């Protein structure tokens with residue numbers, strides 16, 4: 001088993017002592033890029049921390065915690081639906097070759113209400129019908145979830161894998177890919193809901209292009225603002241979402257485009273390609289950045305990563321799992337993808 005504590009994991013390989021000067025020069029340039037990416041991340045975190053602790057609102061928020069806690073236990077307000085006119089796009093007719101099977105991989109732990117809502121929205125709203133569910137149960141124990149799984153087990157085209165291990169997002173999807181029967185894999189969060197009926201058609205259309213390695217969707221917060229419209233390396237620490245918190249109708253988020261990466265909350269890729277690349281990096285990127293790393297490895301092979309707004313879903317980001325900042329994963333990304341993080345979107349064509 002690989003040593004996950006090795007601080008050199010992800011660094012460029014060191015040339016042999018007998019290597020030519022040119023090899024050592026390239027090695028030095030790669031190390032300089034790694035150092036620059038690490039310094040950029042450190043500066044970002046230091047600046048963000050200073051903004052927080054030096055803000056007059058910090059003390060107010062601390063004092064208000066006791067007042068806010070009761071409010072947080074109040075019944076949730078009715079969810080605001082995205083503006084119907086904010087996501088309107090020109091009519092399009094996706095061109096799909098045949099009717100290939102799509103395997104939808106959904107990791108989860110409990111949260112029956114959210115999983116049921118996700119599954120129901122897919123079954124009721126999705127135009128494309130040749131798909132299967134691979135449900136990745138990461139140790140659910142709540143009675144409501146077990147009852148839901150018992151019902152799902154009797155349905156056709158549903159596979160349930162019980163994986164009683166510490167949470168490892170990359171490993172869960174790798175296990176799901178092994179059990180999938182489809183030619184295409186769709187990684188999907190359990191806290192999503194379908195908005196556009198042709199979403200699967202739109203993603204499959206681009207996934208079938210031989211030059212495309214992965215396809216991502218447009219994800220909106222319940223209030224209608226953009227949660228994801230592509231991923232930009234170097235933004236918000238290691239990587240951030242393009243057009244984050246912009247209105248749903250933001251022009252830049254309304255067109256199909258190539259990007260550096262897309263989120264694994266809704267990502268389609270060919271199963272054969274996923275297997276060829278060894279799946280997601282479950283050793284170094286157990287929780288965060290596994291999706292970004294996968295996309296960057298695709299681009300490293302000369303394949304495109306495509307974002308399409310014609311696949312639109314609602315995303316209650318990390319509703320069933322708290323947000324995690326993994327310093328080790330971030331450090332690995334800075335070592336492995338230093339040049340891409342420094343370049344941001346400049347290299348995307």
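Of the set (1) closer than 22 Å to residue 255 by Cβ; (2) touching a strand residue (DSSP E or B) at 6+ places or on another chain (Cβ under 6 Å), all apply to residue 190 but (1). Look at segment 284-308: where a residue is without any contact (Cβ under 8 Å) to a residue 40 or more places away in the chain and a partner is surrounded by fewer than 21 Cβ atoms within 10 Å (Cβ to Cβ), sitting 6+ places away or on another chain with Cβ atoms under 6 Å, you get 297/277. Being touching a strand residue (DSSP E or B) at 6+ places or on another chain (Cβ under 9 Å), modelled with pLDDT of 95 or more, surrounded by 21 or more Cβ atoms within 10 Å (Cβ to Cβ) and more than 15 Å from residue 307 (Cβ to Cβ) holds for only one residue in 200, 219, 267, and it is 200.
Restricting attention to segment 203-216, the residues that are surrounded by 23 or more Cβ atoms within 10 Å (Cβ to Cβ) and in contact with a helix residue (DSSP H, G or I) (Cβ under 6 Å, 6 or more places away or on another chain) total 3. Counted as qualifying within segment 44-162 are the helices (runs of 4 or more DSSP H) with 3 or more residues that are modelled with pLDDT under 95, namely 56-72.
How about segment 223-241: which of its residues are crowded, with 18+ Cβ neighbours inside 10 Å, touching a residue at least 60 places away in the same chain (Cβ under 8 Å) and closer than 18 Å to residue 311 by Cβ? Passing the criteria: 227, 228, 229, 230, 231.
The values are calculated or read from the model by the stated rules, or taken from the named source; none is laboratory data. Keep in mind it's a predicted model, so treat the numbers as computed, not measured. Glycine also receives a Cβ, built like all others from the backbone with ideal geometry; neighbour counts cover every protein chain displayed.
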